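Participant: Have a look at the structure that comes next, please.
The values are calculated or read from the model by the stated rules, or taken from the named source; none is laboratory data. Everything numeric here is computed off the predicted structure, so don't read it as measured data. When we count neighbours, we look across all protein chains shown, and the Cβ atoms used for this are built from the backbone with ideal geometry, even at glycine. Ligands, DNA and RNA are stripped out before the accessible areas are found, and what is left, the full protein with its side chains, is counted by its heavy atoms. Shrake-Rupley method; radii C 1.70, N 1.55, O 1.52, S 1.80 Å.
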Amino acid sequence: MWELIFKKLLLTILFMTMVVTNFSCKEEPMPELNFEKVPEWAAQIVWYQIFPDRFHNGDPNNDPEIASLQGSWPHDNDSAWELHPWESDWYELQPWEKANGKGIWHNIQRRRYGGDIQGIIDKLDYLKDLGIGGLYINPLFQAPSLHKYDGACYHHIDVHFGPDPEGDKKLMAMENPADPDTWVWTEADKMALKLISEAHKRGIRVIFDGVFNHMGINSFAFQDLVKNGKASKYADWFTISDWNKPSPLGFPFSYEGWYGVQELPELREDENGIVSGPKAYIFASTRRWMDPNGDGNPADGIDGWRLDVAFCVGHPFWKAWRKHVKAINPQAYLTAEIIEPPEKVKAYLLGDEFDAVMNYNFAFAASEFFINDKTRITASQFEQALRDFINPYDPEMLYVMQNLYDSHDTQRVLSAIVNRDLGHFRDWGDFFGKSQAANYAYKVQAPGNYEKAVLRNLIVFQMTFPGAPMIYYGSEAGMWGANDPCCRKPMVWPEFHYSAEKFSPDQSWREPDEVQFDKKLHAFYKKLIHLRNDTAMLQTGDFQFIVADDEKELFGFRRYDNTGSIVVIFNRSELMQSYELHWRYVYGQKKIQDFLTGKRFSRNGETISVEIPPRGVLILH
């Protein structure tokens, strides 16, 4: 046993030495990755994040109605309301919105577009063709808001995502929500199982968003608390700060909401994390979606979870929950929203809580080098920033990190490039505020050729660097948008005709921007995704920095395994730059080729002379 532990320790030390050291040109032996703690399949796929209401409306018969908004911000169920036109100008107020006189930021939260599970199923072939191997789906569970982070429960899919909303409501009313033995399968629940099945048939994994830190004010537990007060059987589920003081939303008691948000009452915790009542409910809901028919075979269930605001829940809960999950499916993938420096992130990994995180540190570093102009970091500073989040992790954990540029909580990456140098990505509060369309300095216009050229470099970096790339829906189609809520526009599909965007947030007119599916950008994403899918060394191959030249603004690395090597070199400058690549970096080949252009380069002595275009990149193999 001790011999095995010692051998693994030596392999880990060897790997980290290879990652953080620029060797001359001598090829180094590679360690064996240990995928006992994390699922290997998660290192081999490209993720795609879907915001359900905004992806595709596959069934107009289940569209939301005004009553379904009850309990969500901005608590306006009296003003006129209609389902929002999918192809409309984002900032243009519709007639029923103008009538209430509330303005864009009030009305934008009342909008629903009708996206549903059938819509996701309808587009699975599109995702398969793109090269997607895993779906992270934002909350699907019953909830009144557009984002569904205010769950009414965890064991039922929102009725408006399924085919029979009214019938599902009647079925749900027959249950005791606290007793899993009484739970039924609604038509919306069955539709979710169909989605899982259809995705699995195409080789696509599915993970759900687990929002276990809080529930919504519509939740069965909170509503019982409102009705019965201290006598409620759910009285210890939430943190009640004052039983005698009404809450800002008019409930008869005051309680703790997530970051003060009253629509999101937090589940109570003690020294063991979330207390026993809600813990048991979460554990039962977890099993329901991971092994739906309860036969011990998780093949018909989801493949894992993304955990919302995981940093707000105590470590003991996550440790116990991980054991529960892995007992159901040892190959389940657990990734968490933790926006912290790498050393703090590490505390949530270590093999006993999560397998990975949404790797915002990847986005922060990349934005500072590729996107920023006035405040950009140098090539050597970029390398150091990457080392900072490479070094703390076990090698296999690095490979399953979800490397992303944008999400439902950020401005879209193309808008980040348009608004480069506006705010600091690593200061989350500063970043969030300055990336809002309500900020007068923020530019809401469409990206141009320059921004798309920068994005192409970012795509190359994302698809070749260690970690599992994650694409936010629509990035491949060229979608743009400011931070929440403007990053949540309806998906741009090639078969739809969209109104030009000519309204600004303040309702003034601006130069119209055409909104359409970007076929060229989509083709570039597809090309790079398939390169990664078809190349094992880009999934689990080793990694080595090879150049960080501050004067020429060159940055490069290589990925390799026992079959070969790929070298990636970026030119961040505005000038054509040359570089002498040692032939051993490409396994002694006499000739190499750029994957993007097909251009060939030949060996001259010990080196191969290459030229990298201004703001360009080479993928040499």
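Participant: Cα centroids of the stretch 493-525 and the stretch 130-164: how far apart, whole angstrom?
Facilitator: Measuring centre to centre over Cα atoms gives 27 Å.
Participant: Do the alpha carbons of any pairs in Lys123/Lys489; Lys520/Lys591; Lys170/Lys326; Lys527/Lys599 sit beyond 24 Å of each other, and which pairs?
Facilitator: On the way: Lys123/Lys489 17 Å; Lys520/Lys591 29 Å; Lys170/Lys326 34 Å; Lys527/Lys599 17 Å.
Cα-Cα > 24 Å for Lys520/Lys591; Lys170/Lys326; rest within.
Participant: Looking at the stretch 209-325, how many pairs of lysines come closer than 28 Å at the Cα, when each pair is eight or more places apart or spans two chains?
Facilitator: Taking the stretch 209-325 as the scope, the lysine pair count is 11.
Participant: Taking the alpha-carbon distance from Lys443 and a cut-off under 14 Å, which aspartates and glutamates remain once sequence neighbours fewer than 8 residues away in the same chain are dropped?
Facilitator: Within the straight-line limit of under 14 Å, Lys443 reaches these aspartates and glutamates: Asp421, Glu451, Glu501, Asp506, Glu511, Asp513.
Participant: Please identify the chymotrypsin sites (Phe, Trp or Tyr not before Pro) of the stretch 482-530 that satisfy two criteria: DSSP loop assignment and at most 16 other Cβ atoms within 10 Å. Which are they?
Facilitator: Values: sites: Phe496, Tyr498, Phe503, Trp509, Phe517, Phe524, Tyr525; in loops: Phe496, Tyr498, Phe517.
Of the chymotrypsin sites (Phe, Trp or Tyr not before Pro), the ones in loops of the stretch 482-530 whose Cβ has at most 16 other Cβ atoms within 10 Å are Phe496.
Participant: List the GluC sites (Glu not before Pro) within the stretch 83-114 that fall in a DSSP loop (any state other than H, G, I, E or B) and whose Cβ has at most 14 other Cβ atoms within 10 Å. If you can, show how the numbers build up before the last one.
Facilitator: On the way: sites: Glu87, Glu92, Glu97; in loops: Glu87, Glu92.
Passing both the DSSP loop test and the Cβ count: Glu87.
Participant: Another question, then. Please state the relative contact order of the stretch 337-467 as a whole percent: Cα pairs under 8 Å, 6+ residues apart?
Facilitator: On the way: 142 pairs, mean separation 34.0, N = 131.
In percent, rounded to a whole number, it is 26.
Participant: Counting only protein heavy atoms and a 1.4 Å probe, tell me what percentage of the chain's accessible area is made up of carbon and sulfur. Don't skip to the answer; put the middle values down first.
Facilitator: On the way: 12360 of 24010 Å².
Its accessible area is 51 percent carbon and sulfur atoms.
Participant: I've got another one for you. Decide, for the stretch 249-354, between rounded, prolate and oblate: order the square roots of the alpha carbon gyration tensor eigenvalues as a ≥ b ≥ c, take rounded if a/c falls under 1.5, and otherwise choose prolate if a/b is larger than b/c, else oblate. Please report the intermediate quantities before stating the final value.
Facilitator: Working: a/c = 2.15, a/b = 1.35, b/c = 1.60.
Oblate, because a/c is 1.5 or more while a/b does not exceed b/c.
Participant: Scaled to the compact-protein estimate 2.2 N^0.38 Å, what is the alpha-carbon radius of gyration of the stretch 47-121, rounded to two decimal places?
Facilitator: On the way: Rg = 12.9 Å, N = 75, 2.2 N^0.38 = 11.3 Å.
Ratio of Rg to 2.2 N^0.38 Å for the stretch 47-121: 1.14.
Participant: While we're on this one: Select one label from (i) 29.1, 119; (ii) 25.0, 84; (iii) 39.5, 145: the one whose number is Rg and Dmax of the Cα atoms in Å as derived from the coordinates shown.
Facilitator: It is the one labelled (ii).
Participant: I would also like to ask the following. Taking amide hydrogens as modeled 1.01 Å from N in the peptide plane, which residues meet the under 5 Å criterion relative to Gly210, leaving out close sequence neighbours?
Facilitator: Arg306, Leu307, Asp308
Participant: At a Cα cut-off below 16 Å, give the aspartates and glutamates reachable from Lys194, other chains included and same-chain residues fewer than 8 away excluded.
Facilitator: Once the sequence-local aspartates and glutamates are set aside, what remains near Lys194 is Asp59, Asp116, Asp122, Asp125, Asp158, Asp164, Asp291, Asp300, Asp303.
Participant: While we're looking at this one, here's another question. So how compact is the stretch 307-363: Cα radius of gyration and Dmax in angstrom?
Facilitator: Reported Rg and Dmax, both Å: 11.0, 33.
Participant: In whole Hz, what ³J(HN,Hα) sequence does the stretch 167-175 give by Karplus (6.51, -1.76, 1.60; θ = phi - 60°), x for Gly and Pro?
Facilitator: Karplus values, whole Hz, x for Gly and Pro: x, 5, 4, 5, 5, 5, 5, 7, 8.
Participant: Could you provide, to the nearest whole Å², the per residue accessible area of the chain with probe 1.4 Å?
Facilitator: On the way: 24010 Å² over 621 residues.
In whole numbers, the chain has 39 Å² accessible per residue.
Participant: Okay, moving on. Give me the aspartates and glutamates in straight-line cross-link reach of Lys526: C-alpha distance below 13 Å, same-chain residues under 8 apart excluded.
Facilitator: Asp129, Glu476, Asp518, Asp534
Participant: Still on this structure, please answer the following. Return the loop-located trypsin sites (Lys or Arg not before Pro) in the stretch 558-608 (DSSP other than H, G, I, E, B) with at most 12 other Cβ atoms within 10 Å of their own Cβ; answer none if there are none. Don't jump to the answer; show the numbers that get you there.
Facilitator: On the way: sites: Arg558, Arg559, Arg572, Arg584, Lys590, Lys591, Lys599, Arg600, Arg603; in loops: Arg572, Lys590, Lys599.
Sites meeting the loop and neighbour criteria: Lys590.
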